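In what follows, a structure is listed as structure tokens, so that the remarks can point back to it.
The values are calculated or read from the model by the stated rules, or taken from the named source; none is laboratory data. No experiment lies behind these values; they were computed from the predicted model shown. Please note: Cβ atoms are built from the backbone with ideal geometry, for glycine as well, and neighbour counts cover all protein chains shown. SASA here: full protein model, heavy atoms, side chains in, ligands and nucleic acids out. Shrake-Rupley method; radii C 1.70, N 1.55, O 1.52, S 1.80 Å.
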Amino acid sequence: MLAYTLRHLYELHGADQRLTLEEYKSIGRLEGSVRTQAEATIDIGQLDATAIEALRDAFVPGLVRATEGGSFVKGPSRLAALPTRAQPLLRLLCDKAKLLVLDRDREGQETVEIAHEALLRVWPLLKSWIEDDAIRLQQLAAIQRAASEWNSHHENPDFLIHRRDRLLEAEALAELPRFDRQLDSTNRAYLAACIAAEKKARIARISIWVLL
């Protein structure tokens, strides 16, 4: 963050080879420099509704993760997996603002990640998107954690923890295309196993009721 802010400060005010406290304050100090760069690079007023929605989908849930403790952190994503309409904007934030970082994964696929986690807190646009989708992000993270635990225990039915209302909420989340894209094969297999287990449990409950 300090290196980023000093670079930004130098680019704006370094021509006279002298950086001042007032100039530092004018860019919003450490976290403010991130916000001003984001807003200068992406003028939301110049984007149409399709581009705004694509950019939102790219960030949330593409580049933001919910932790088990309920906070939100940055996470990488394959660039190709993010909305095509948003990709030129993401590259601007990489090349011009240096707020995102491009890399490649083990398979050689291009990835993108938020460079400074402060962006989640100080960019009002992104912060509002996270707040709007906070519950969905937490639901997605819960599915991914549960699926990983289930898979690591050799698909033991005891680890199918999404049942009844919680399962209905997970199914509703999976029906949203932008969240569905974040579910891998293990996540989908886990949800399918939960649905099958819930059907068996429902039949068992009905059978008991009939007997009674």
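Some notes on this structure:
- Ellipticity estimate at 222 nm from DSSP helix runs (n ≥ 4, -39,500 (n - 2.57)) divided over the chain, nearest 500: -18000 deg cm²/dmol
- Probe 1.4 Å, all protein chains present, accessible-area order of L120, L2, largest first: L2, L120
- Along the axis of the charge dipole computed for segment 68-119 (Cβ charges of +1 for Lys and Arg, -1 for Asp and Glu, origin at the Cα centre), the listed residues P83, I114, G69 are led at the positive end by P83.
- Packing around the peptides 176-186, 105-115, taken as the average count of other Cβ atoms within 10 Å per residue, puts them in this order, highest first: 176-186, 105-115.
- Contact order normalised by residue count of segment 1-120, Cα under 8 Å, 6+ apart, percent: 23
- Against the main long axis of the alpha-carbon atoms of the chain, helix 185-211 sits at an angle near 30°.
- Excluding same-chain neighbours fewer than eight residues apart, the aspartates and glutamates reachable from K200 by a Cα-Cα span under 20 Å are E155, D158, D165, E169, E171.
- Set of lysines with alpha-carbon distance to K98 below 24 Å, sequence-local pairs under 8 removed: K25, K74, K127
- Overall, the chain carries a charge dipole of about 400 debye about its Cα centre when +1 sits on the Cβ of Lys and Arg and -1 on the Cβ of Asp and Glu, all other atoms neutral.
- By average C-beta atoms within 10 angstrom, highest first, the peptides 162-170, 200-208: 162-170, 200-208
- The chain, relative contact order in percent, only Cα pairs under 8 angstrom and at least six apart counted: 17
- Heavy-atom accessible surface of the chain: percent carbon and sulfur, 1.4 Å: 54
- For segment 104-212, accessible area per residue (1.4 Å probe, heavy atoms of protein chains only), Å²: 61
- Using alpha-carbon coordinates, inclination of helix 134-152 to the longest axis of the chain, degrees: 60
- Once volume of the Cα convex hull per residue in Å³ is calculated for the structure shown, the corresponding label among (1) 93; (2) 151; (3) 160 turns out to be (2).
- Counting only residues at least eight positions apart within a chain, or on another chain, the aspartates and glutamates with an alpha carbon under 20 Å from that of K96 are E11, E31, E39, D43, E110, E113, E117.
- Ellipsoid fit via the Cα gyration tensor, segment 96-188: semi-axes of 29, 19, 11 Å, each the root of five times an eigenvalue, largest first.
- Relative contact order, percent, segment 70-168 [alpha-carbon distance under 8 Å, six or more residues apart]: 20
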